[in-house]
Amino acid sequence: MKRRITRVHHRLLVLIFCALLGLASALTVPALSAARVTLTNEGEVILVSPTPQFWGGIAVESLPLLTQEEIEQGASNLPQQSSLISQATNPLELARQARRYYENGQLSEAEKYWQQAAEAYEQAGDWEGRTSSLINKSQSLQLRGLNPKACSTLLQAFEFNNTDCRELIQNNLTFTDIKNLPEKTTSLSPLTKVTGLRSLGEILRRVGYLDRSKAVLKLALEVVKQWENPQQESTVLLSLGNTERAIGKRKRVSEDPVDKAIDIDSEFKNGEDPNYQKPEDALVYYKEALNSYDEAANSSASPNTKINAQLNELSLLLDIKRGWEQVVQELTKTNDTLSYWQGLKRYLTNKTVPLLQDIYSQLDEFQFAELPWEVKRNLVYAQLNLAQIYFTQCNNVNDNPVSCEPVAPLFKKIHSPSRLKQIVQDAHNLKDKRAEAYAIGYLGELYEKQAQEETEKSLKLLHKAQEKTKEALKLLHKDITAKSRDNLDITYRLQWQLGRIFKAQGEIQRGIGAYEVAFQNLKNLRPDLVTINRDAQFYFRDEVEPLHREFAGLLLQNGNPSEENLRKARNVIESLQLAEIDNFFQDNCSLNKQEEGELDNFINTQAPKSAVIYTIVLKDNEKADYNIKLHIILKLPNKDLIYIPPQIIDKTEFNSTLDNLYNIIKNKIQALETIEKKAENNEELEISKKERHKLLNKELETHNKEPEELLQHLQEVYGWLIKPLEEHWGDVETLVFVLDEPLQNIPLAALHDGDYYLVQKKSVVLSRGLQLTNPEPLKRGRALKLLAAGVSEPRKDERGIEEKKLPEVVRELNEITKKQSRTEQLLNSDFTKNNFRKKLEEFRPSVIHLATHGLFNSNPEETFIVAFDENIKLRDLEELLQSSNVQMLVLSACQTALGNKRAVLGLAGVAVRAGASSTLGLLWKGEDQATASLMIKFYQELANPNVNKAEALRLAQIDILNNKDYSHPLYWAPYVLVNNWL
């Protein structure tokens, strides 16, 4: 018996070592067949290890299931009464049965048995066995992509009473709770404790709670340091680095390049000033991630763990360098001194080149044929991960960033056709079809890239690229056009690649066919992306958005698309709008969406005086000196789709027009704030509103050296978007714009034809697509129930900024509630988060009017509204509204981050996701008195059952425009109605 245990333990150590080499992805879409299980001669499962998968060049160490031997080693002795437990409830037998199901790929059955095993262990008083079984169940759930359930299972393992992951984390899981987790794990072995904490940290990152993920992983690091296990420490550090990287990317998404350039400029000029406070930015978190990766590589006893950490470090260094190139472009416009950037560039280059050389030499040192199967497999995936970094960051067929120039020669050497062919052969010998398909696909992509560089050989190279891409697809599916859900994460990319190749060969119809299959596969996969891993938002820009744009461009390429291709292009634009919302919230939109076939019927029958304008901004070629190609599709009631001939707009002119438009408005907002501060400090101005407006308008003029400049830009954009439509719209009264991202922050109502503003002619609506438009009209009369809430007193917002008082809020709320028969009001100290929740539950309003400060940013975590007692974040607001019956959400004092192209997504998305039909909000901060007057007029018009929401807003805006004190667009143009306008 003693000899048997020694043998088992020896094999166990070898296999655990191999398992710790596992390379998986932070962005995995698991397949049920991905599990591999090793058994002892007696049938005992000693290792379960998922097949590695990866996206985006981010490696994580796989979390192998805790084996029965490990559980028994760390467990307390079972009490005597455990032998009385029947065979059916014997925890050991239940755990073994769970593993058998897991071996056969029956994961849901395995999870049931692990749950039963956990309960049986708990009954027997064995907390080690209970916790380990729940951790194993959680790993299985993760493999199926059920991260919220996996999270709840881990919370159960750590004995939280509330195991609703999202609810607990949002409301109760404080950082104090996290610090107290060791008290819940005192009876556990170090391995179980570290595995559980690390697994919880991974899950929290994947479901979007990055700060808590970091706190849990820091705690796991403390535990493993006390345990003094270098290998486990390196895997925890790798997980911690991935979370720190995700935090940095989240911060970077919210950073505006222009503002960032100003920050860098200030830092360069004031860096030696002891009173200068350096702004927090993504680079702070990136540096933490780099340090964690570096520590993980240095402390690891496993060569593969070292390579994984180095791969992540390499990917991040290139990502930093690439991202900052855009910042530098902005900085050079205002400051020719680039010492800061040159220093950073040297640092990144000096780190990147030797790191890649080290990875390359390590991969070459392995004697592949002599390695165990598991180590071979992980080395193959390490090389594929390196290829992924190369193709996505340094050899993209549509992009050649300067950031990769120092490492490009070495990358090309590593990824020669002969090298990739060897990876194909190694994967084939391992009988790993996914790895083999990846490698063959990369070989096809390499030929595709070479065809662009070697034009005299392009036809031959494109033929090779096509052959290899088809070979990879056939390896996964007998019929390469089959829309199977198996391996969607690979097949959609290969079909996309095939579409690009057909396009380059001039075979447009075959290209459209391949793009269509890729598009449909991606649509099927996308809900899994946002459910499985919230890091997928960083995948959106590189994969989801380009595929949509390229497909739409191909459908519209010949300038005279068929009705069928027009419909397909319209549906692609609708899909992109929906994908942007899902990506912003990192959750699959819960709204019941209209089907594609219902879109035309909605306009034809329910909105017969409305026109829908779809825009998509594409490049006119794939070269660096491309121009903008603006496509417009028009939908009129009871007519076929109309395609407006595309406009070619100089790229510099397009960008500068939009930038100047936003900058002029920003300057005028600053002028408004300047005079308001003067008014607050001057009693005479406070008393004399008329005098105040005179001074304000004078201030506006002084801040605009060219009084006609704003109007010129508004007229230029009118020429792009509106002028081509005028001959088509007939008796249309409402223009519904589905705008592409670069155009989404435009104040549509203020666009000018040379004589009139657009709002003086038509009602204007901003839509995220008809799929997301609830067709139900707003209830009127006694059916309309209004909850009005606001804060007029100065409060600190989420950023700690003291927001000014809003004295007109009192008048605004009093007047709008007078006009409605069924109302409730929460003002100042009454407007607390709890009171707001209670009113929503008890009163169930159809319209919610919030007159308070707030900010809609490009990051949902930095988006909020100000209540009296605390700030209500976007996710909290969404949760509060989901329990109500709201049709319209009005945000009368909130603002979006002007010019931030993603900020309007929050404004559009919060009500949509909560089931509300529409949102009325502001693109920039409104003036207090003008806002109150406009809102009062809006509700007066809304009382007329013959006036829809869009027309009510138009009439309110015109009322303000006709007031000479408020005629400037600054006062009335920021208001925008999003989605349903009926």
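Computed from the coordinates by the stated procedures, all read-outs in this text should not be read as laboratory data. Worth saying up front: this structure is predicted, and the values here are computed from it rather than measured. Positions of Cβ are backbone-derived with ideal geometry, glycine not excepted, and every protein chain shown enters the neighbour counts.
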**Fill in**
Ranked output for segments 136-143, 823-830 by mean other Cβ atoms within 10 Å, highest leading, reads 136-143, 823-830
**Request:** Quickly rank 282-288, 214-220 as a protection proxy: mean count of other C-beta atoms within 10 Å, highest first.
**Result:** 214-220, 282-288
**Message:** List the residues, sorted by chain then number, that are 5 or more residues from Val890 or on another chain and whose placed amide H is less than 5 Å from its amide H.
**Reply:** Ile848, His849, Leu850, Leu920
**Request:** Would you please put 772-780, 205-213 in order of how densely packed they are, using the mean number of other Cβ atoms within 10 angstrom per residue and starting with the highest?
**Result:** 205-213, 772-780
**Message:** Can you compute the modelled spin-label distance between Glu726 and Ala624, with each label point 7 Å from Cα toward Cβ, in nm?
**Reply:** 4.0
**Request:** Work out the FRET efficiency for Thr186 and Lys112 from their Cβ-Cβ distance, taking R0 = 25 Å, and round it to the nearest 0.05.
**Result:** 0.30
**Prompt:** In nm, what is the difference between 0.36 nm times the number of residues separating Asn429 and Gln123 and their Cα-Cα distance?
**Reply:** 105.4 nm
**Complete:** The pairs in Lys779/Lys873; Lys251/Lys287; Lys818/Lys937; Lys523/Lys568 lying past 19 Å Cα-Cα in this model are Lys779/Lys873
**Item:** In sequence order, calculated HN-Hα J values of segment 615-621 (Karplus, 6.51, -1.76, 1.60; Hz; x Gly/Pro)
**Value:** 10, 9, 9, 10, 8, 7, 7
**Sites Arg346 and Lys666, calculated FRET efficiency, Cβ-Cβ separation with R0 35 Å, nearest 0.05** = 0.55
**Fill in**
So the FRET efficiency between Glu793 and Glu842, C-beta based with R0 = 35 Å and rounded to 0.05, is 0.90
**Fill in**
The relative contact order of segment 776-979, taking Cα pairs under 8 Å that sit 6 or more residues apart, comes to a percentage of 19
**Asked** What spacing in nm lies between the two simple spin-label points modelled at Gln362 and Lys470, each 7 Å away from Cα in the Cβ direction?
**Response** 4.0
**Asked** Cross-link list Lys833/Lys949; Lys193/Lys306; Lys412/Lys619: which exceed 25 angstrom alpha carbon to alpha carbon?
**Response** Lys833/Lys949; Lys412/Lys619
**Request:** Would you kindly derive the ³J(HN,Hα) couplings of segment 551-556 from the backbone phi angles with the Karplus curve 6.51 cos²θ - 1.76 cosθ + 1.60 (θ = phi - 60°), listing them in order in whole Hz, with x for Gly and Pro?
**Result:** 5, 4, x, 5, 5, 9
**Item:** Projected label distance in nm at Lys457 and Glu564, using a 7 Å step from Cα toward the beta-carbon
**Value:** 3.8
**Fill in**
Once amide hydrogens are built 1.01 Å from N within the peptide plane, the residues lying 5 or more places from Gln895 or on another chain with amide H under 5 Å from its amide H are Gly854, Leu855, Phe856
